[in-house]
Amino acid sequence: WSKGLLQMKEPIWNTISTGITASVLAVVLVIGCLENEILMQRRGLKPNAGMALWLIYLPLLIPQIAFLFGVQVILATFGLDGFWPSLVWSHLLFVLPYVFLSLGPIYRSYDQRITDVAVTLSHSPWRAFLRIKLPILLRPVLFSIAIGFSVSVAQYLPTLFIGSGRFDTITTEAVNLASGS
């Protein structure tokens, strides 16, 4: 066990760091998109979410092997494959739709009047968001981070293709052990 744990130190670290980074980035992006949607509705503009949602869900609709081949060709053309930020970005492509699916409906059902009251009581919108809205939505946000992390852990092909085989994760090690047995 001690020998096995020492060998798994790097894959565990790569899995945790990539998963948490991709999940937190996805939650920040989703919250930004949803806040922009709320802001546009307040200004009387109808957000054109149809096209944006198709772009968000595209990695789920296209087979992963075909989609990743195109991503890898683009990254290899610019010499960006095999780097950790590229690996996180490739995981983010697949984590973002699941985070949006889990956080979007709950975030949209939040009663915006609570934040409006905080703003009228001399809080800035940013402070009202941090001190009122975010604590109320903390559980759904943490749940979305957990979903994003689990999706990131399961990403075998993005880790292998975009990471150019340089990053060992728990998933790549499990597949290697299973295929080698």
Completion exercise
(1) in contact (Cβ under 8 Å) with a residue 60 or more places away in the chain; (2) under 23 Å from ILE162 (Cα atoms); (3) surrounded by 10 or more Cβ atoms within 10 Å (Cβ to Cβ) all hold for TRP13 apart from (1)
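Counting only residues that are of a type in the set (Phe, Trp, Tyr) and under 15 Å from ALA154 (Cβ atoms), how many does the stretch 88-102 have? Step through it out loud before you land on a result.
The first filter runs over the stretch 88-102 and keeps only residues of a type in the set (Phe, Trp, Tyr), leaving 89, 94, 98, 100.
Filter once more, keeping what is under 15 Å from ALA154 (Cβ atoms): 94, 98.
Residues in the stretch 88-102 being of a type in the set (Phe, Trp, Tyr) and under 15 Å from ALA154 (Cβ atoms): 2 in total.
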Problem - Criterion: open to solvent by less than 50 Å² (accessible area, probe 1.4 Å), in contact (Cβ under 8 Å) with a residue 24 or more places away in the chain and within 29 Å of ASP168 (Cα to Cα) - qualifying residue of LEU137, LEU75, LEU60 - result: LEU75
Fill in the blank from the handout: Per the filter on the stretch 154-181, residues crowded, with 17+ Cβ neighbours inside 10 Å, among the hydroxyl-bearing types (Ser, Thr, Tyr) and farther than 19 Å from ALA76 by Cβ are THR169, THR171, THR172
Exercise for the section: Examine the stretch 36-49 for a residue that is open to solvent by less than 80 Å² (accessible area, probe 1.4 Å) and within 25 Å of THR15 (Cβ to Cβ), and state whether such a residue exists. Expected result: no
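State whether one or more residues within the stretch 108-116 are within 30 Å of LEU6 (Cα to Cα), open to solvent by less than 50 Å² (accessible area, probe 1.4 Å) and either of a type outside the set (Phe, Trp, Tyr) or in contact with a strand residue (DSSP E or B) (Cβ under 6 Å, 6 or more places away or on another chain) (or both).
Pass one, the stretch 108-116, residues within 30 Å of LEU6 (Cα to Cα): none.
No: the stretch 108-116 contains no residue that is within 30 Å of LEU6 (Cα to Cα), open to solvent by less than 50 Å² (accessible area, probe 1.4 Å) and either of a type outside the set (Phe, Trp, Tyr) or in contact with a strand residue (DSSP E or B) (Cβ under 6 Å, 6 or more places away or on another chain) (or both).
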Handout entry: Residue among PHE83, PHE69 that alone is aromatic (Phe, Trp, Tyr) and exposed (fewer than 15 other Cβ atoms within 10 Å of the Cβ)
Key = PHE69
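Can you tell me which residue in the stretch 117-134 is farthest from GLY19 (Cα to Cα), limited to those that are open to solvent by 70 Å² or more (accessible area, probe 1.4 Å) and charged (D, E, K, R)? Spell out how you get there, then give the answer.
As a first pass, look at the stretch 117-134 and keep what is open to solvent by 70 Å² or more (accessible area, probe 1.4 Å): 117, 120-122, 125-127, 130-131.
In the following step, the residues that additionally are charged (D, E, K, R) were identified as 127, 131.
On the way: ARG127: 29, ARG131: 27 Å.
Here the answer is ARG127.
The values are calculated or read from the model by the stated rules, or taken from the named source; none is laboratory data. If you're wondering where the values come from, they're calculated on a predicted model, not measured in any experiment. Positions of Cβ are backbone-derived with ideal geometry, glycine not excepted, and every protein chain shown enters the neighbour counts. The protein model used for the area step is the full one, side chains on, heavy atoms only, and it has no ligands, DNA or RNA in it. Shrake-Rupley method; radii C 1.70, N 1.55, O 1.52, S 1.80 Å.
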